[in-house]
Structures are given as C-alpha cells and as structure tokens.
Amino acid sequence: MNFEWTERDKAFRAEVVDFLARELPPDWAAIARHGPGSKEQTEFSLGFCAKLAAAGLLVPHWPQEHGGRGGSVWEHFILGEEMWAAGEPRGPQYMNVNWIGPTILRFGTPEQRERYVPDITAGCAIWCQGFSEPSAGSDLASLRTRAERDGDGFIINGSKVWTSYAGLADHCFLLARTSGQRKDGICIFLLSMATPGITVRPIPSLVGNGDLHEVFFQDVRIPASAMLGEEGKAWSLITYALANERVGIARYALSARALAAMVERLKADGSWRDDIVRHRAGQALAACEAARVLVYRVVDQRARGLPPNAESSLTRVAVAAADHAVANFALDFLPDAFADDSIHLLKPHHERAIAAGIASGATEIQLGIVATDHLDLPRS
Amino acid sequence: MLLDQTEDQAALLSTVSAILARASGPWAPDGERSSFAAELDAALEASGVLDAAGFDAFGPATGVLVVQDVCRTPAVVEVAASALIRPLACPDAPRPLAVLHGDATRACRFLPVARAVLFLSEAGASWCPLEPGDVIPVEGYFAYPACRLRAPQACLARATPCADPALAWRLALLAVAAETSGVLQGGLESVVAHVSDRRQFGRPLGTFQALQHRLAACSTKIAAARWLALKAAAGTVSEARMAAGYAQDAVEAVAYDLHQFMGAMGLTLEHPLHRWTYRAKLLRSDLGGAARHYRDLAAAEWP
C-alpha cells in the first residue's frame, strides 16, 4: 500500500501545471466566473483545447495511434484534477476526452472513428449528451425519444432536457428507442446538431446562463450509419461510457481551490482569528480530502484492471458532500463575496455545487446503489 | 500509487483474522456496560502482530489495518496504542498501554488493565510503567474499562520521556483515526446484518429506503475515515489531524443512526451494539476532539 506518486506522475502533473500557468490568459478569471457550462467558457475551450492538443495534453491517456501518449489511468486523473482545480478551461470538451471519444473508439465503426475522433483530438469539437428527458431523469431507462426505421435511415422524434452545451454543440451523443421497454431497445446515435428538425431552447438556470437547454427532435432524419454499436443494445455501452463519469470530474479539486481563496480573504479581514472559522475551514478541507482519497481508491482499482463496482457510487456521495461543505462555508462566512464576485472561482464553484448531487446520477440514486450493491442490503 | 495490500500485509491480516476467529467465544455480551477481552488481548500480543508497525516491511499503514480489523469486533482490547504508538514512539514500554492526554487526574480508558501509561501534553510525551495499586477504579460508562491514577504526579515524576514527542503525538492521532473508523465499521456491519434479517410491516427493515440511504451515507463516511487513516499512516501530522478529526466528526451521525436502526434491542446490554457505539462516543473527544484537530489542521494548512 503506497500513496506516493511515481516520478513519472509527478513530472506529468508538473507539465500540466506549467501549461496552465503559461496558457491561461490574464482575463481567465473573468471568463471562468461564468462557469464551465457557459457560452464564454465553451468558446474559450476551442482555442485552449487546441493548444492542449498541440502540447500532447488533451488526450494523453489515449492510445498513440489515436493521438494520445498511451498514458496511464493515473495520468488521466491528474489531468482532470488540475483542469478542474483551475476552473475546467476545457469546458465541455472534458466529456470528449473522458468518455465520448473513448466510447467511439471502442464501439464505433472505422467510418465513425475517422469522422469524429480527429476533431476531438484536435480540441475543436463541441458535443452535448442527449440523455435526460422530461420523463426520464434519474430513471434514464424510461426514455421515450423514438427512432423509427425509414428506408436506409431513422426518423427521430422526441425531446431532451437539461442538456448542457447544446447551444454551441456541433454534435449530439443521443439516446433514442427503436423498440422494447426499459433497458432493451435503446440505441446511441451520433448526429450533427445542424440536422434539420432539431430545435434548441436555452433554459435560464442557477448553474449559469447558457448551460442548460431543451432540445426538440421533430422528424429528424439521420442515416443508419449514425448508430453507434448494435441496434437496441446501447445500455451496456452507456454503462461503460458513464462508469468513468461517476468519479471522472475532480470536483473536490475546485472545492479545495475555492476554499483556499476564501481563507486568504478571511485572513486579510481578520476573521481567521476566530476559532469557529478555522474549525469550519478544517472541516471543509477534510471533506475535500475525504472525497479525494476515495476517488484515488476507485482510480487505483481501475489502474489495476478491476471491474467497476459500487465504490464509484460511494465516492460520488463523498464528492458531493465536499462540494456542499465548501459552498456552505462560503455562505456562512463570506456572503458579501457573492455580491461583488471578488473571489476567484467562488461563484462558479457555488453554482456547480448546487448541481453536484444531481448531475451524472443524483446522490440518492448513488445511495441506493451503495445500499444494495456495497452493503448488500435486501432489495425491496 | 498502489492502494492494494501487499502480500506481507495480507498474510499478517489473515493471522489477525485467525486469532479473532479462535477467540470469538468470549465476546458474548455479559450484561456489563464495560468489558475487556483479556484472552484475546493476550493472544494478539503473543502473535507479534501488534509490533508490525515497527518493521520497515510493514510500517504504520499495517498498524492501521490491524487496528481497524480488530476494532470491527465487539471485543474490547487495547490495540490502537499498542499497534501504532508503542512500536515506534515508546518500544520499551510494556503493554497494554493506556494513553492519558492533558490533565493526569482524569479517568482514562484501559488504565485498569494497562501495564504502562503514555502521558501526552502540549509539553511533550512520556511513559510510565504501572503496578496494580497505581489505579483507582471508576464506573466504566463508555464500554472501555476505565480508572484514574492514584498518584498521577508520582507517575509523571518517574515517567520516561519519549525520544520523539512529535512522533508520539502524530501516532496518537493516527491511533484515534484507526480505532474510530474500525469501531464504526464494526457497528455498521452489525446493524446491516440486523436490518437484513429483522422483518417489520411484512418485509426486512433493510428494504426501506429511509434506512438504506442513511446506512449508505454512514458507509460513505466510514469508508472515507478508513482511507484517510491509511493515507495518514505515512503522512504528516496534518494528515493525522485530518484523519482523526474526520473520523471523530462522523461519530455523531453514525452512532445515532446505528442505534435508531437497531431499535430497542440496541438499548439492552444483551446486544453488543454498545461495544461499538460507546467506544466511538468516548473516542469523539480523544486528544481534544474533531474541533481541535480541524482548527489545528486549518492553522497549519493556512499559516
């Protein structure tokens, strides 16, 4: 049992940190205040990710033949930690490198890989995920969007909701049903957001304007070649794709960075002498480090080739708790900072903390998985 | 980074498991609020597993694993100080080893069975061998056997200073983190077994979502406490403070839920739940408690 980083891991982290110090512009704070899902940060990601790609740091964990370095699982997570700690300058493109690209590489046809992967590895592709629907949020298997066979293609009808990045996305990773019920009959389609019949409507939200959208599909015709994997067998692909998402976002790194910025303000205004303030700061820091060590536990299992298990869900609960601990620290001791937006990353952190226990699988869903699959409690 | 157990650690822990399996008989609740499993304590000492942290091949992380495994059982033995503090900070001290923090006149767990006491104060750390007449019995309220020193100043006067008091402090914090995470895990496993079997309203209690989610939340806190302690084993004093504080902070919510879900059975001394929860309740305040550790952590992190 060894918690030490290897020299290679240390060198890789230093490379990422140096890149961020060099390439984040002087006005990064003004861009980052809008949050990772914002229009501003999405547009910024196009130039930034191109530079990351040129430096070999966009998909370092991918195989060399697909533009990566063949880096380790740990390097993938070090990259995510440092990016998220900086406010996630990759914007929506973190999804490309974490799971959309790898899923296309694993299950896509040669034509699909040739069509989509080069733009992802060049850092110039914006994707959205067409998963949630008005009647299918936590219960994703109840999705209703239909894909009807029509000659050599499909006709899509239905709607998606709470879709991040849809306003600027080039492509959609869409779930739709060709037949069956629940987990049977679901397909994945890769399609252009410019396809006729797609309408995107932004939804004003607490997590930053421009982040959430409704997406309507009305008689959207796509070729059969847009399907990823086998018809009606997408559930296992989704499980593969999202296994990484459970712990793929290093939210605790941003939480810890925001907490440190708050402490500097509290030291400057004299509040740091208060025992209660230091107690709560230590408590919030411990929550961040608790989340971090549990994430490392899951990454370690992945690095050793073990199959995903319910520890990912357990870890998600801890990650959300860390977000909330830091967000509540801000509300208790620095409410004025929200008014003048004067602490770097405080506002985007708070906005994402609201969503931390909802996005990518609600905390209550994770608790249910922990209860039955980790504690082996009886199912009702 | 490699977070799996080494082959040596796995072999040592299977020895611990075998000792615990052989000694499982005497753990039955005896109607007493406090208890001490003397035979198990002696068996652990005789096996040498409590000395592992002092060997380079094992180190403090192995000590943490041993403490967590032993504390999952309802048997109360002196394992945390012996497996984590003694091998590295005061190897000449006999065991069982009681740890007395601050005011030396206070009641202290394990003093009735201890052969030595470790004094921890802001000024440093020292240890003193004990004879049976050195202690005065007190009522054991918290599942541990407890006593006061008859002549604390005399004990302090004859105490041997630890060569590295900062190390003793760090290991004491680590011992609290390991012991607390272990007893909470043991209590959780007991309650999970209970709600899986116990039927009310025509179905097992454990099928109710209200219980499932709270037990899952407890499991998350305990897992984090376990891994923070393991990470702190080879880390800094700040990491030890964090691990101790986090584990102690978890006690309030976890102990409450464990008792709620065990119901009236857990109020009796015929069920061993108190062997876990009432150890955890005393551990909450050890070495100053979570509030102190969090403050110290914050002060060191952001000087």
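The values are calculated or read from the model by the stated rules, or taken from the named source; none is laboratory data. Note that the structure is predicted; figures quoted are calculated from it, not measured. Here the Cβ is made from the backbone with ideal geometry for all residues, glycine too, and neighbour counts use every protein chain on show.
Residue by residue, here is whether (1) under 21 Å from B:ARG275 (Cα atoms); (2) of a type in the set (S, T, N, Q); (3) in contact with a helix residue (DSSP H, G or I) (Cβ under 6 Å, 6 or more places away or on another chain); (4) within 8 Å of chain A (Cβ to nearest Cβ) holds:
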position	(1), (2), (3), (4)
B:GLN185	yes, yes, yes, no
B:GLU189	yes, no, no, no
B:SER196	yes, yes, yes, yes
B:ARG199	no, no, no, no
B:GLN209	no, yes, no, yes
B:ALA216	no, no, yes, yes
B:ILE222	yes, no, yes, no
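If I go through segment B:233-251 residue by residue, how many of them are more than 9 Å from chain A (Cβ to nearest Cβ) and assigned to a helix (DSSP H, G or I)?
Keep residues of segment B:233-251 that are more than 9 Å from chain A (Cβ to nearest Cβ), which gives B:236-238, B:240, B:244, B:247-248, B:250-251.
Okay, now just the ones that are also assigned to a helix (DSSP H, G or I), so B:237-238, B:240, B:244, B:247-248, B:250-251.
Count: 8.
Taking (1) outside any loop (DSSP other than H, G, I, E, B); (2) farther than 18 Å from A:TYR240 by Cα in turn, A:ARG69 satisfies each apart from (1). Can you tell me which residue in segment A:334-380 is farthest from the chain's Cα centre (by Cα), limited to those that are more than 8 Å from chain B (Cβ to nearest Cβ) and among the hydroxyl-bearing types (Ser, Thr, Tyr)? Only one residue tops the list, namely A:SER342. Residue count for segment A:146-166, restricted to those that are touching a strand residue (DSSP E or B) at 6+ places or on another chain (Cβ under 6 Å), closer than 16 Å to A:PHE217 by Cα and either surrounded by 21 or more Cβ atoms within 10 Å (Cβ to Cβ) or not hydroxyl-bearing (Ser, Thr, Tyr) (or both): 14. Among the residues making up segment A:1-59, those that are within 14 Å of chain B (Cβ to nearest Cβ), buried (at least 19 other Cβ atoms within 10 Å of the Cβ) and either farther than 22 Å from A:GLY71 by Cα or out of contact with any Lys or Arg (no Cβ under 9 Å at 6 or more places or on another chain) (or both) are A:MET1, A:PHE12.
With respect to A:LEU331, determine if the residue is buried (at least 22 other Cβ atoms within 10 Å of the Cβ) and either within 8 Å of chain B (Cβ to nearest Cβ) or touching a Phe, Trp or Tyr at 6+ places or on another chain (Cβ under 9 Å) (or both). Reasoning before the result, please.
Working: buried (at least 22 other Cβ atoms within 10 Å of the Cβ): no; either within 8 Å of chain B (Cβ to nearest Cβ) or touching a Phe, Trp or Tyr at 6+ places or on another chain (Cβ under 9 Å) (or both): yes.
Against the criterion (buried (at least 22 other Cβ atoms within 10 Å of the Cβ) and either within 8 Å of chain B (Cβ to nearest Cβ) or touching a Phe, Trp or Tyr at 6+ places or on another chain (Cβ under 9 Å) (or both)), A:LEU331 does not qualify.
Against the numbered list (1) part of a helix (DSSP H, G or I); (2) over 20 Å from the mean Cα position of the chain (by Cα), B:ALA163 comes up short only at (1). Where strands (runs of 3 or more DSSP E) fall wholly inside segment A:78-196, the ranges with 3 or more residues that are in contact with a Pro (Cβ under 8 Å, 6 or more places away or on another chain) are A:153-161.
With the structure loaded, tell me whether B:THR207 is within 24 Å of the chain's Cα centre (by Cα), within 30 Å of A:LEU377 (Cα to Cα) and modelled with pLDDT of 95 or more or whether it fails that test.
no
In the set B:ARG203, B:ARG150, only one residue is without any contact (Cβ under 8 Å) to a residue 12 or more places away in the chain and either surrounded by fewer than 19 Cβ atoms within 10 Å (Cβ to Cβ) or over 30 Å from A:THR363 (Cβ atoms) (or both); that residue is B:ARG203.
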